[in-house]
Amino acid sequence: AQRVTQPEKLLSVFKGAPVELKCNYSYSGSPELFWYVQYSRQRLQLLLRHISRESIKGFTADLNKGETSFHLKKPFAQEEDSAMYYCALLETSGSRLTFGEGTQLTVNP
Amino acid sequence: KAGVTQTPRYLIKTRGQQVTLSCSPISGHRSVSWYQQTPGQGLQFLFEYFSETQRNKGNFPGRFSGRQFSNSRSEMNVSTLELGDSALYLCASSPGVTPGRETQYFGPGTRLLVL
């Protein structure tokens with residue numbers, strides 16, 4: 001069965017510091033992986049997906065199949081990055097997204 | 001394009017009642033998926049509908065059901081409500097053409113409270 005693990009429930013950094021949100025997965029296939037973000041009182045929205053290899057709002061994520069990881073990184077955190085971040089895996093045969101437990105990121109001034 | 005919309009946004013019901021939630025996908029999207037979000041279990045997949053047919057199903061009891069109409073709008077029904085059904089119910093839409101390869105876009109959710 002597919003599984004996504006985000007080991008940190010809470011992560012706190014200072015503005016301008018680098019940030020890394022960890023995500024590990026287990027899946028017997030070639031995964032499609034996503035990061036979604038939920039700002040306070042807003043809907044869940046796509047931040048990035050691995051296949052596009054884009055950098056959104058300064059965030060990047062690299063799929064490491066050997067370590068089965070898809071960590072989210074940003075070199076210089078901003079206060080507006082404070083939000084809940086979810087890593088998600090899409091099964092290749094359908095539309096089932098499996099989410100991690102989420103990491104609440106707080107960027108302090 | 002307008003985003004995914006869900007109605008109602010908030011609901012209060014009592015145990016034993018039933019409830020129907022509605023979701024309108026992004027125009028042109030034919031796949032609608034439903035998720036339950038709770039503090040204890042996180043985000044869990046309920047089911048997916050495509051072209052008026054349930055294409056995928058999660059591990060929820062039969063009290064949870066859904067349907068999709070010809071205009072791709074979807075409804076979710078929960079019968080015989082239990083306290084544990086209190087949650088935020090999210091729907092997400094995608095084109096539905098290439099399962100396993102598409103981004104899902106989420107609605108704002110319906111918050112259900114069961115008393």
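The values are calculated or read from the model by the stated rules, or taken from the named source; none is laboratory data. Because the structure is predicted, anything quoted here is derived from the model rather than measured. Note that we place each Cβ from the backbone using ideal geometry, even for glycine, and neighbour counts take in every protein chain shown.
Among all positions in the range A:11-24, there is no residue which is at the interface with chain B (Cβ under 9 Å from one of its Cβ atoms), closer than 27 Å to residue B:89 by Cα and modelled with pLDDT of 95 or more.
Pairing each residue of the range B:18-46 that is without any contact (Cβ under 8 Å) to a residue 12 or more places away in the chain with any residue that is of a type outside the set (Gly, Ala, Ser) and part of a loop (DSSP other than H, G, I, E, B), provided the two are 6+ apart or on different chains, yields C-beta distances under 9 Å for B:42/A:101.
In this structure, does residue A:15 turn out to be in contact (Cβ under 8 Å) with a residue 60 or more places away in the chain, of a type in the set (Lys, Arg), surrounded by 12 or more Cβ atoms within 10 Å (Cβ to Cβ) and touching a strand residue (DSSP E or B) at 6+ places or on another chain (Cβ under 9 Å)? For residue A:15, the condition - in contact (Cβ under 8 Å) with a residue 60 or more places away in the chain, of a type in the set (Lys, Arg), surrounded by 12 or more Cβ atoms within 10 Å (Cβ to Cβ) and touching a strand residue (DSSP E or B) at 6+ places or on another chain (Cβ under 9 Å) - is met. One residue stands out in the range A:38-51 among those that are loosely packed, with under 12 Cβ neighbours inside 10 Å and more than 9 Å from chain B (Cβ to nearest Cβ): the one that is farthest from residue B:90 (Cα to Cα), namely A:40. What number goes with the only condition from (1) modelled with pLDDT under 95; (2) closer than 26 Å to residue B:98 by Cα; (3) not basic (Lys, Arg) that residue A:37 does not pass? Of (1) modelled with pLDDT under 95; (2) closer than 26 Å to residue B:98 by Cα; (3) not basic (Lys, Arg), only one is false for residue A:37: (1). Taking the range A:72-104 as the range and being farther than 27 Å from residue B:36 by Cβ and hydrophobic (A, V, I, L, M, F, W, C) as the test, the residues that pass are A:76, A:77.
Only one of the numbered conditions (1) within 14 Å of chain A (Cβ to nearest Cβ); (2) among the polar types (S, T, N, Q); (3) more than 11 Å from the chain's Cα centre (by Cα) is violated by residue B:93, and that is (3). Of all residues assigned to the range A:81-89, none qualifies as being in contact with a Gly (Cβ under 8 Å, 6 or more places away or on another chain), buried (at least 22 other Cβ atoms within 10 Å of the Cβ), within 14 Å of another protein chain (Cβ to nearest Cβ) and free of Cβ contacts under 8 Å to residues at least 60 places away in the same chain.
Residue-wise test of (1) within 11 Å of chain A (Cβ to nearest Cβ); (2) under 22 Å from residue A:43 (Cβ atoms); (3) among the aromatic types (Phe, Trp, Tyr).
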| position | (1), (2), (3) |
| --- | --- |
| B:45 | yes, yes, yes |
| B:57 | yes, no, no |
| B:72 | no, yes, no |
| B:76 | no, yes, no |
| B:101 | yes, no, no |
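Tell me yes or no: at least one residue of the range A:58-71 is crowded, with 21+ Cβ neighbours inside 10 Å and either of a type in the set (D, E, K, R) or closer than 25 Å to residue B:36 by Cβ (or both). Yes; the residues of the range A:58-71 include at least one that is crowded, with 21+ Cβ neighbours inside 10 Å and either of a type in the set (D, E, K, R) or closer than 25 Å to residue B:36 by Cβ (or both).
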